[in-house]
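Below: the structure, in structure tokens.
A short reminder: the numbers here are calculations on the coordinates, not readings from a lab. Worth saying up front: this structure is predicted, and the values here are computed from it rather than measured. Because the Cβ atoms are built from the backbone with ideal geometry, glycine has one as well, and the counts that use them run over all protein chains shown.
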Amino acid sequence: MRDVLVIGGGPTGSYLASRLAGMGFDVLVLERRARLGDKVCCAGIIGQECFDSFVLDDSLLLRRANSARVFLPSGRPISLWREENQACIVDRAALDVVMAERARAAGAEYALSSQVKDIQLGEDRVTAEIRNGGHQQNLEARAAVIAAGFDSRLAERAGLGKPGDFVIGAQAEVEIGDIPEVEVYLGRETAPGFFAWLVPTSPSKGLVGLLSRRKPGIYLERLLSSLRAQGKIGMAGAEPGYRGISLRPPDRTYARRLLVVGDAAGQVKPTTGGGIYFGLLGAEIAVRKLKRALEQDDLSARSLAGYEKEWKKKLGKELGVGYWARRLYERLSDRQLDRVFEIAVDNGIVEALLKDKDLSFDWHGKAILRVARQKALVGVLGMMKVPLQFGQ
């Protein structure tokens with residue numbers, strides 16, 4: 001019997017598998033895709049802090065970014081720039097492969113084309129029902145970790161509840177013209193309640209995508225047509241990709257012999273939908289808790305409850321403030337959104353934030369609260385009447 005089954009071979013699952021296997025545990029990663037790196041729908045923008053903290057391979061780096069242009073609903077562009085590099089644009093498909101290679105080198109095994117249909121939590125083992133092509137089998141282990149992203153329903157079937165809220169991301173690879181920096185587009189006609197992006201990944205290629213609660217494919221096609229008409233992009237490559245993104249965690253992220261990490265656990269920035277860094281941070285906490293539980297042979301829910309307590313201590317307030325800001329932003333009309341940015345620019349609020357050394361690409365809470373308390377913006381934001389809640 002295995003020590004741990006890791007369900008999901010994305011960055012979070014592979015990082016966790018690598019760490020546990022490196023400690024001597026028998027780890028099997030179950031991945032439903034036939035090939036790692038396929039069908040990835042993610043812009044691949046991560047903070048410099050994430051890149052450095054997890055020693056990501058330089059071969060993954062497509063370019064660094066220290067600036068962006070934000071286009072308001074009115075069409076007015078606002079340039080954001082900082083002297084230091086703020087983000088790394090990585091080859092997101094290659095990231096899956098590299099992280100899996102590390103896990104394999106540490107001793108973890110992978111079973112591809114293996115979809116977990118159900119999971120049973122017994123007194124002395126976990127049993128996973130696997131479908132591989134036309135074949136079905138049961139695999140057993142002392143514990144399991146769900147790292148399969150939002151689309152997995154395994155946490156819900158295990159009685160942990162559904163994600164509290166979600167959004168759909170849509171993205172296409174395109175040919176681009178002379179686009180020197182990331183561009184972000186706001187407005188209800190573009191991405192209602194959220195935002196869209198054009199991310200240059202090479203001199204001739206880029207990614208165009210958006211987040212939306214409804215009809216993401218229609219909004220994406222409209223955006224692609226608009227950018228082609230402006231001469232910013234050429235034809236799209238493969239068919240667009242889509243994926244669900246958790247904005248709130250499920251009721252619980254642990255049970256007897258089971259932990260949930262990454263997107264499946266709602267360890268995602270509600271402001272941007274980015275989940276790589278917070279998922280890796282959650283995975284590191286899960287590794288520590290599982291190591292102790294496996295060594296003591298105590299995989300009860302009570303023993304594993306500390307995982308949720310610790311990850312919420314680290315990320316809970318950040319996620320709570322971010323979700324409050326997300327709800328507030330979704331209530332703004334295009335006119336109000338234009339007004340908020342105009343006030344923020346004209347009153348030097350944006351400039352002050354960009355000069356603030358505490359401003360972080362990955363940690364948005366302090367900046368959000370600082371902006372929300374600006375007297376110049378109180379009148380506009382106060383009309384939204386969204387209660388500030390930090391709890392998760």
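Overview of results
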{"read-out": "Fewest-first sequence of MET23, MET1 by Cβ atoms within 10 Å of each Cβ", "value": "MET1, MET23"}
{"read-out": "Max mean-square fluctuation residue, GNM over the chain, Cα-Cα springs under 10 Å, options LEU354, LEU223, LEU154", "value": "LEU354"}
{"read-out": "Size of charge dipole - the chain - debye, nearest 20, with Cβ of Lys, Arg +1 and Asp, Glu -1, no other charges", "value": "1180"}
{"read-out": "Prolate/oblate/rounded call for the range 320-382, Cα gyration tensor, a/c under 1.5 rounded", "value": "oblate"}
{"read-out": "Residues GLU83, GLU351 arranged by fewest to most Cβ contacts within 10 Å", "value": "GLU83, GLU351"}
{"read-out": "Spatially proximal aspartates and glutamates relative to LYS317 (Cα-Cα < 15 Å; intrachain offsets below 8 disregarded)", "value": "GLU308, ASP362"}
{"read-out": "Cα centre as origin, Lys/Arg/Asp/Glu Cβ charges: the range 157-222 dipole, Debye", "value": "580"}
{"read-out": "Angle between the chain longest axis and helix 334-346 axis [Cα atoms, degrees, rounded to 10]", "value": "80"}
{"read-out": "For the chain, built as a Gaussian network whose Cα springs stay under 10 Å, the top-fluctuating residue of VAL70, VAL261, VAL145", "value": "VAL70"}
{"read-out": "Hits among lysines - C-alpha to C-alpha of LYS312 under 27 Å, sequence gap 8 or more where chains match", "value": "LYS162, LYS269, LYS289, LYS291, LYS357, LYS366, LYS385"}
{"read-out": "Counted charge near ILE176, where neighbours are those whose Cβ lies closer than 11 Å (Asp, Glu -1; Lys, Arg +1)", "value": "-1"}
{"read-out": "Per-residue Cβ neighbour rank within 10 angstrom, fewest leading, ASP362, ASP346, ASP165", "value": "ASP346, ASP165, ASP362"}
{"read-out": "Residues in the range 210-247 reached by a label modelled at ALA93 [backbone nitrogen below 20 Å; 7 Å Cα→Cβ]", "value": "210, 234-244"}
{"read-out": "Residue-span extension gain [ASP298 to GLU351] - 0.36 nm each, minus C-alpha spacing", "value": "13.8 nm"}
{"read-out": "Cβ-based net charge around PRO203, under 11 Å, with every Lys or Arg adding one and every Asp or Glu removing one", "value": "0"}
{"read-out": "Summed side-chain charge close to GLU109 - residues other than GLU109 whose Cβ falls under 10 Å, Lys, Arg +1, Asp, Glu -1", "value": "+1"}
